[in-house]
Amino acid sequence: MEALYLKDCYVKEFEATVTSVKDGKFVVLDRTAFYPKSGGQPHDTGVLINEGKEYKVVFTGKFDGQISHEVSEPGLKEGDKVKGIIDWDKRTLFMNYHTASHILSAIIHNETGAKISGNQIAEEKTRVDFNLENFDRDQISSYEAKVNDVIDRALDVKIDILPREEALAIPSVVKLRDAFPPEIEEIRVIRIPDVDDQACGGTHVRNTGEIPHIEIFKAENKGKNNRRIYFRFT
């Protein structure tokens with residue numbers, strides 16, 4: 001299966017062939033632009049169209065290495081030609097949040113040395129979790145301005161798919177070495193000049209200037225050395 005979003009996050013529509021259907025509603029294609037739920041980013045929704053009939057894609061997931069599209073009703077079968085259309089408003093929102101979370105995570109790490117332990121993107125807000133002993137709320141409030149400054153600088157965001165050893169030579173990527181099994185020969189890296197180079201399989205904007213300004217509206221202690229920040233767009 002070809003995951004079109006890995007090289008171009010702006011593919012909104014595509015043509016594909018159904019390679020398998022399970023239980024009448026779990027559809028695998030030979031190529032897709034639908035992003036499967038993973039890495040803290042929600043799945044894409046949209047439609048698959050075959051011979052004028054629309055099948056709503058209500059969930060997209062990855063199972064046994066294959067991206068599966070759950071459709072709202074049966075009818076598609078192996079060999080069918082389909083046109084896929086992404087819910088672009090939702091995808092754009094998630095792209096904005098995902099790139100913004102990379103910027104915020106990089107700023108937190110550079111300012112404090114904290115390791116980012118997770119993130120979760122949603123339609124109304126996004127959170128970033130990080131490991132830090134002391135929680136300086138005044139410092140946290142400064143992150144908002146620094147993220148918005150990166151947004152205002154309108155930096156190009158680049159996707160590089162690099163040979164394993166080249167990717168693992170990047171300081172911000174090498175710490176994730178254990179996350180990549182030996183059989184992984186190429187690593188996808190999202191690069192924001194002078195801000196962040198991070199291995200990531202998610203979807204991102206082409207330029208930071210596309211992202212709305214953020215507002216950090218909540219900070220929490222989630223246990224020993226576990227901190228959480230919530231932000232949303234203004």
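Where does the chain land at 222 nm, in deg cm²/dmol rounded to the nearest 500, when only DSSP H runs of n ≥ 4 count, each adding -39500 (n - 2.57), divided by all residues?
Theoretical 222 nm ellipticity from helices: -6500 deg cm²/dmol.
Sticking with the crude label model, points 7 Å out along Cα→Cβ, report the distance from F180 to K115 in nm, one decimal please.
About 1.8 nm, to one decimal.
Which lysines does K25 reach when only Cα atoms under 27 Å apart count, and residues fewer than 8 places away in its own chain are ignored?
Within reach: K12, K37, K53, K56, K62, K77, K81, K83, K90.
For the chain, take the alpha-carbon Rg, divide it by the Kirkwood Rh, and send me Rg/Rh. Before the final figure, lay out the partial values.
Details: Rg = 19.0 Å, Rh = 18.9 Å.
Ratio of gyration radius to Kirkwood radius: 1.00.
How big is the antiparallel share of DSSP beta bridges in the chain, given as a percent to the nearest 5?
95 percent
How big is the gap, in Å, between the Cα center of the stretch 1-28 and the Cα center of the stretch 103-160?
Using only Cα atoms, the two centres lie 32 Å from each other.
Compute the label zone of D87 within the stretch 11-40: residues whose backbone N is under 14 Å from the point 7 Å along Cα-to-Cβ.
34-37, by backbone N distance to the label point.
So what does log10 I(q)/I(0) come out to for the stretch 149-221 at q = 0.19, 0.24 Å⁻¹, using the Debye formula with one equal point on every Cα and no solvent?
At q = 0.19, 0.24 Å⁻¹ the computed log10 ratios are -0.83, -1.03.
Roughly how many nanometres apart are two label points built 7 Å out from the Cα toward the Cβ at E54 and E124?
Computed distance between label sites E54 and E124 equals 2.7 nm.
Using C-alpha positions alone, give me the convex hull volume of the stretch 111-184 per residue in cubic angstrom.
Working: hull volume 11.5 nm³, N = 74.
Hull volume normalised by residue count: 155 Å³.
Tally Lys and Arg at +1 and Asp and Glu at -1 over the other residues with C-beta under 12 Å from the C-beta of I49: what net charge comes out?
On the way: positive: K53, K56, K81, K83; negative: E13, E15, E51, E54, D80.
Spelling it out: positives minus negatives among the neighbours equals -1.
Leaving out same-chain residues fewer than 8 places away, which lysines sit with a Cα under 17 Å from that of K158?
K7
Would you calculate the separation in nanometres between label points at D30 and Q66, each defined as 7 Å from the Cα along the Cα-to-beta-carbon direction?
1.5 nm
Regarding the stretch 77-204, what whole-number volume in Å³ per residue does the convex hull of its Cα atoms give?
Details: hull volume 20.7 nm³, N = 128.
Taking the convex hull of the Cα positions in the stretch 77-204, it is 162 Å³ per residue.
State, to one decimal in nm², a quarter of the convex hull surface area for the C-alpha atoms of the stretch 1-77, i.e. the direction-averaged projected area.
Computing the convex hull of the Cα atoms and averaging its projections yields 4.9 nm².
Roughly how many Å² is the accessible area per residue of the chain, as a whole number, for a 1.4 Å probe?
Working: 11830 Å² over 234 residues.
Here the residues of the chain average 51 Å² of exposed surface.
So for the stretch 14-146, Kirkwood radius off the Cα pairs, Stokes-Einstein at 4 °C and 1.567 mPa s: how many µm² s⁻¹? Mind dumping the intermediate values first?
On the way: Rh = 16.8 Å.
Diffusion coefficient, whole number: 77 µm²/s.
Quick check on packing: order 44-53, 29-38, 82-91 by the mean number of other C-beta atoms within 10 Å, highest mean leading.
Highest to lowest by the protection proxy: 29-38, 82-91, 44-53.
About its Cα centre, how strong a charge dipole does the chain have in debye, to the nearest 20, once Lys and Arg get +1 and Asp and Glu get -1 at the Cβ? Numbers along the way, then the final one.
Working: 33 positive and 40 negative charges, 104 e Å.
In debye, rounded to 20, the chain gives about 500.
The values are calculated or read from the model by the stated rules, or taken from the named source; none is laboratory data. Model, not experiment: these values are computed from the prediction. Methodologically, a virtual Cβ is constructed for each residue, glycine included, from the backbone with ideal geometry; neighbour enumeration extends over all protein chains shown. When the accessible area is computed, the model is the full protein with side chains, heavy atoms only, and any ligands, DNA or RNA have been set aside. Shrake-Rupley method; radii C 1.70, N 1.55, O 1.52, S 1.80 Å.
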